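The values are calculated or read from the model by the stated rules, or taken from the named source; none is laboratory data. Predicted model only: the values in this text are computed from it and were never measured. Note that we place each Cβ from the backbone using ideal geometry, even for glycine, and neighbour counts take in every protein chain shown.
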């Protein structure tokens, strides 16, 4: 049988577990030109919330339909194939859907994995998957931290933030993370090697808190949150600082808050660049090799928040927005 997590209703604001349901169906036949995978892990990524609203389709993805499987990233193995380019046993990281099995004609976003995996399979969803690559490309292509820099990272306890901070440390920077709880702050500093952390809350003067922890200003800001967090960071940026915009979880599914200090981008001559990892698909091997080297050497860790079973997927996705995850959130099937 094939089990699928479907969009039972459109989330209002942050998603909750009840927005999703699990359906069961017979495994599909494999027509000519298609292949069937068994999906071993599902990656939970907050950015997919953007396409859960009605009429939210764009050039990146179509809007998700009600009562249809929710789009997402999976770690898969081909178990049947009538496609010339895919053979039984091929391992893939692919943008299919939240399902135990997927039928594809090969036109989906697919990244092949090595035939023999050196690390635990779940690592290819985290540090060696899109999230680790997002940290890698954002840091090495845009932020380019040095030992003279103070690097500030929002969403620092999440999948991308945990890896981005560790990469910045490898380049000798002073690294500060913005998080939502003292437990995450302690974990970042004591386990992942961050130099300091800033607590974010509804009644916090976040700009002031950043200033207190970064008294000489911020040279690099790696943003996963957007909104008021972005505004607070801008006010603390040094002249000709660099900003890598990776995500904006504070605005997913709600009316986004627009920073009111954007003119500081001009007066401080800041370099600001947004990026999406899948547009660098041709460089995945490069990124995975470097991340693998760091992982092999023990230079970086791969923190993971794991749940078990297809019925846990809706909860796992909601946990992202409730701040319950430490590191990469995955569900093992």
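For segment 107-191, list the strands (runs of 3 or more DSSP E) that sit wholly inside it and hold at least 3 residues that are assigned by TED's automatic domain parsing to the domain that holds residue 237 and crowded, with 24+ Cβ neighbours inside 10 Å; which are they?
The strands (runs of 3 or more DSSP E) meeting that bar are 150-154, 174-179.
Taking the stated definitions as given, is residue 87 surrounded by fewer than 24 Cβ atoms within 10 Å (Cβ to Cβ) and either within 16 Å of the chain's Cα centre (by Cα) or not in a strand (DSSP E or B) (or both)?
The answer is yes for residue 87.
Which one of 78, 30, 60 is farther than 22 Å from residue 311 by Cβ, assigned to a loop (DSSP other than H, G, I, E, B) and at pLDDT 95 or above?
None of the others qualify; the one that does is 30.
State yes or no: is residue 2 more than 18 Å from residue 101 (Cβ to Cβ), surrounded by 18 or more Cβ atoms within 10 Å (Cβ to Cβ) and touching a residue at least 12 places away in the same chain (Cβ under 8 Å)?
Considered against the rule, which asks whether it is more than 18 Å from residue 101 (Cβ to Cβ), surrounded by 18 or more Cβ atoms within 10 Å (Cβ to Cβ) and touching a residue at least 12 places away in the same chain (Cβ under 8 Å), residue 2 comes out as no.
Condition first: out of contact with any helix residue (DSSP H, G or I) (no Cβ under 8 Å at 6 or more places or on another chain) and outside any loop (DSSP other than H, G, I, E, B). Now tell me which residues in segment 63-75 satisfy that.
69, 74
Taking the residues in segment 5-27 that are assigned to a loop (DSSP other than H, G, I, E, B) and touching a helix residue (DSSP H, G or I) at 6+ places or on another chain (Cβ under 7 Å) as candidates, determine which candidate is surrounded by the most Cβ atoms within 10 Å (Cβ to Cβ).
For segment 5-27, the residue satisfying everything is 15.
Being touching a helix residue (DSSP H, G or I) at 6+ places or on another chain (Cβ under 6 Å) and part of a loop (DSSP other than H, G, I, E, B) is the filter here; which residues of segment 193-212 pass it?
Once the filter is applied, which keeps residues that are touching a helix residue (DSSP H, G or I) at 6+ places or on another chain (Cβ under 6 Å) and part of a loop (DSSP other than H, G, I, E, B), segment 193-212 yields 193, 194, 200.
Looking for whichever is farther than 23 Å from residue 252 by Cα and touching a residue at least 40 places away in the same chain (Cβ under 8 Å) here; the options are 69, 15, 11, 31. Which one fits?
The match here is 31.
Tell me, which helices (runs of 4 or more DSSP H) lie completely within segment 230-333 with 3 or more residues that are buried (at least 17 other Cβ atoms within 10 Å of the Cβ) and outside the structural domain of residue 48 (by TED's automatic domain parsing)?
284-297
Those residues that are in contact with a strand residue (DSSP E or B) (Cβ under 8 Å, 6 or more places away or on another chain) and under 24 Å from residue 129 (Cβ atoms), I need them from segment 7-33; list them, please.
Listed by number, the residues that qualify are 7, 20, 22.
For segment 33-57, give me the residue count where each residue is in a loop (DSSP other than H, G, I, E, B), in contact with a helix residue (DSSP H, G or I) (Cβ under 9 Å, 6 or more places away or on another chain) and under 18 Å from residue 100 (Cβ atoms).
1
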